[in-house]
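Asks: Structure below; questions to follow.
The values are calculated or read from the model by the stated rules, or taken from the named source; none is laboratory data. Everything numeric here is computed off the predicted structure, so don't read it as measured data. All Cβ positions, even for glycine, are placed from backbone atoms using ideal geometry, and neighbour counts span all protein chains on display. Please note that ligands, DNA and RNA were not included when accessible areas were found on the heavy atoms of the full protein model with its side chains. Shrake-Rupley method; radii C 1.70, N 1.55, O 1.52, S 1.80 Å.
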Amino acid sequence: MTGIDAELCMEEFVAKIEVEDQEKLELEYGVEIEAEAVVDACRIIKQYPDVFQFNCRGTLDDTERAILQMKVVELLEEACLRLRHKFDYSREGEDELEVGEYRLHRALVELNEIEKEREPSTQKWRDRVAKEREELNDMWNKLEIKWLELQASRQRYDIRAREALLLERMREGLVYYLNEERSKENFSGLLQWLDEHVTELLYTTRKDFKHELTVSSHAIALAASLLIDAPPSQLLSESPVLQNHELIRRVIGQEHVLLAVSAALSRQRPPRRPIGSFIFMCGSGCGRTEIAKLLATLVFGKKDMLTEFDLEKYTGPNSLSRLLGVLCSSHIEPGKKGELCVKKRHLGVILFDNVDKAPAPIIELLTQIIGFGYLVDGNGNSVDFTNTMIIMTTNIGCDQLWPWNCKCADEVQKFPVKEGLFDDAWERNHNFCYLSLLRETKNHFGPQFLEYVDDVIGFRSLSSQQLKAVARLQLRDLAVYMTQKGLIIYSSEAALDIIVRRSAWPGDRIKGGEKIRMWLEQNLVPVLFEMISKNEISDLSIMYIEASVESDQLSFRMEKTGRLLEERDVNQLASLKELRLMYQKEKERAKRIYMLRKFQNKLMASANAGFDHVTNVVQDLVNIIQDLITIPGSIVRSFLDNPKKVAMAALNEDEVRQNKRAKKGTKG
């Protein structure tokens, strides 16, 4: 079969699935399935036949087509189920709006305070926050355009009036069945009548939440990734997105690391290798763990897809046994799996800290993993690492060759530098340090180990201003983790100087961002706990951290943010709160409408059950409909009295609103 014939065959197959099964799944789960999702589901199953238990060679016969169709429908249904469950039971959409509102509030406060200080050193942070505010404004503007216009539209009011009429008819019909008619003939007619009404309600609901209730290719990849143990990006043949992502802004001073990792991931690689393998040359506190968590989120979808091994703890005689589960070891139970071989197939980022401290046998083990993508454990089983990203860290020579104020600017001229390779002053001034570190790393590990590593990346030592930015980020984290009341913590530039200076003791093994975090936990967290216990922290409040010039001590005070913002900003935040509440009400209503479908299916399944069981299900349906009818809100008030009257009132309100806008335009 030629490539063109195979493509035509695939189109016919997908069309058949769409006609026969797609509509059924959409009605069953109240979702919309994209055509590309069906194509990708078919492709993934054919690409991983062993996982989905589907084996075929060449042209598909009728039996194999039927089996493939069944497997595709099963994968589509799993994606529908996950999407529906996420919509019904997860607060993700609501949390995103709430977090977005809080982040915009925080950006407005920070910009307002930075303007008051007028410190030149805060310019970069001001630019960062200004960009955040601009992006958040764009997000909220899009939401307002969608929801406010949707609520005010003439068509929307007509649809709501019809929906209210449908709900009232459904309630009356079910109550009539309970009280008057209970024959089998009427029951079958009731089921058909219910199906028509619920389907119409689900259709409008699906349109309102199309973004959240659409089964896309990504949703298919997410459902399949759990079975295949592969990241969704790999199933869709996409490169992981390591740029223009909100989380990337948490990386301070090490942006070049993400660029190097992204370049390595985009290169062609042998099939039996990990997704990527890297050595990070860095000391403590430079952000290596933060970047490892970031890569786990960007490549594998979750930050907890990170497994850490500190190889400094694996230097004893039984270290290899602990990792592999060697049978002959007297300290390992016979048949017990090693710490690195718990899973037959690994998925995620595996971080090997302090790889330079590892003995030779463990280095050989790592060579096997990064070079061939698997290892054999102590029980003779093969363990797969092809769907992992391996990160190894070393601080060889960092204390000597990577000081905070190195003097290599003169030495750098002795080494040739390719034009455009080092694009900023830091790289030019510290090129000698990097080359020296690279030489130390090669001498320690040898060429055989480094041959399989995708890249050896040197981390930068953080400047004082970069450490202040790290401190600001960690203050943000503390405000979110410690309270659920929208607290904002703002530290003045002088206070940040004290925090950074006190957290960086010379000769301390722990430095940088990690030390700042520990210092804040020891000195700021107790203050927050005391304020919480005294109920001094209320909704939408700001904590100021200021420095006393005389005593060189920090002081704390609380303020209400409403007093600190301009009226325009206060009004914007108030409108966003209303928008968020509107979204919550609409989503709650959509979930209840889907409950109607579930109870309708339950009623169909109980067709042959006893009358008491059928009566209970019908009563549940009546209760859900009653809840929908009585949901508060300006949209549904008095619909049941006269739907046409309400629809006309909506038209009148729309005309009044347009007249007001016209008058404002005339005055302007």
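Asks: In this structure, is L97 under 14 Å from R580 (Cα atoms) and either touching a residue at least 40 places away in the same chain (Cβ under 8 Å) or out of contact with any strand residue (DSSP E or B) (no Cβ under 6 Å at 6 or more places or on another chain) (or both)? Write out each step before concluding.
Replies: Values: under 14 Å from R580 (Cα atoms): yes; either touching a residue at least 40 places away in the same chain (Cβ under 8 Å) or out of contact with any strand residue (DSSP E or B) (no Cβ under 6 Å at 6 or more places or on another chain) (or both): yes.
Taking the combined requirement at face value, the residue satisfies it.
Asks: If you take the residues in the range 274-327 that are out of contact with any Phe, Trp or Tyr (no Cβ under 9 Å at 6 or more places or on another chain) and among the polar types (S, T, N, Q), which one is most open to solvent (accessible area, probe 1.4 Å)?
Replies: This residue is T315.
Asks: Right, something else. Pick from E212, E180, E196, E172: which is open to solvent by 40 Å² or more (accessible area, probe 1.4 Å), of a type outside the set (A, V, I, L, M, F, W, C) and at pLDDT below 80? Give the steps one after another, and end with the answer.
Replies: Values: E212 fails: at pLDDT below 80; E196 fails: at pLDDT below 80; E172 fails: at pLDDT below 80.
The match here is E180.
Asks: Out of all the residues in the range 20-60, which are assigned to a loop (DSSP other than H, G, I, E, B), surrounded by fewer than 20 Cβ atoms within 10 Å (Cβ to Cβ) and modelled with pLDDT of 80 or more?
Replies: E34, Y48
Asks: Conditions: (1) in a helix (DSSP H, G or I); (2) farther than 18 Å from L25 by Cβ; (3) at pLDDT 80 or above. H218 meets all but one. Number of the miss?
Replies: The one condition H218 does not meet is (2).
Asks: Which of the residues that make up the range 252-278 are outside any loop (DSSP other than H, G, I, E, B), under 25 Å from I516 (Cα atoms) and not charged (D, E, K, R)? So that I can check it myself, show each step before the final result.
Replies: Step one: of the range 252-278, the residues outside any loop (DSSP other than H, G, I, E, B) are 255-266, 276-278.
When the remaining residues are screened for being under 25 Å from I516 (Cα atoms), the result is 255-258.
Within the range 252-278, H256, V257, L258 meet the criteria.
Asks: Output the number of residues of the range 434-462 satisfying the condition of being without any contact (Cβ under 8 Å) to a residue 12 or more places away in the chain and more than 18 Å from A260 (Cβ to Cβ). Show your work before the answer.
Replies: Filtering the range 434-462 for residues without any contact (Cβ under 8 Å) to a residue 12 or more places away in the chain gives 439, 442-443, 446-447.
Next, from what is left, pick out any that are more than 18 Å from A260 (Cβ to Cβ): 439, 443, 446-447.
Count: 4.
Asks: On to the next question. Regarding the range 445-460, can at least one residue be identified that is under 16 Å from A547 (Cβ atoms), open to solvent by less than 60 Å² (accessible area, probe 1.4 Å) and touching a Leu at 6+ places or on another chain (Cβ under 7 Å)? Lay out the reasoning, then the answer.
Replies: Let us first name the residues in the range 445-460 that are under 16 Å from A547 (Cβ atoms), namely none.
No - not one qualifying residue is present in the range 445-460.
Asks: Next up: Looking at this structure, is D95 part of a helix (DSSP H, G or I) and more than 30 Å from E134 (Cβ to Cβ)? Give the steps one after another, and end with the answer.
Replies: On the way: part of a helix (DSSP H, G or I): yes; more than 30 Å from E134 (Cβ to Cβ): no.
When the stated conditions are applied, D95 does not pass them.
Asks: Considering only residues that are among the basic types (K, R) and either open to solvent by less than 60 Å² (accessible area, probe 1.4 Å) or without any contact (Cβ under 8 Å) to a residue 40 or more places away in the chain (or both), which ones fall in the range 512-562?
Replies: The first filter runs over the range 512-562 and keeps only residues among the basic types (K, R), leaving 515, 517, 534, 557, 560.
Scanning the range 512-562 gives K515, K534, R557, K560.
Asks: I'm checking my understanding of the structure. Among residues of the range 223-268 that are modelled with pLDDT under 80 and β-branched (V, I, T), which one is farthest from F459 (Cα to Cα)?
Replies: The qualifying residue farthest from F459 (Cα to Cα) is V241.
Asks: Name, by its number, the condition in (1) out of contact with any Pro (no Cβ under 9 Å at 6 or more places or on another chain); (2) of a type outside the set (K, R); (3) open to solvent by less than 10 Å² (accessible area, probe 1.4 Å) that does not hold for D353.
Replies: All conditions are met except number (3).
Asks: Could you list, ordered by first residue, the pairs with Cβ atoms under 7 Å in which the first is in the range 319-347 and over 14 Å from F385 (Cβ atoms) and the second is modelled with pLDDT of 55 or more and of a type in the set (F, W, Y), at least 6 apart or interchain?
Replies: Final answer for the pair search is R322/Y314.
Asks: What number of residues in the range 353-387 are over 34 Å from the mean Cα position of the chain (by Cα), part of a loop (DSSP other than H, G, I, E, B) and acidic (D, E)?
Replies: Number of matching residues: 0.
Asks: Just the residues that are under 24 Å from the mean Cα position of the chain (by Cα) and open to solvent by less than 50 Å² (accessible area, probe 1.4 Å), please, taken from the range 585-608.
Replies: Selection gives E586, K587, A590, K591.
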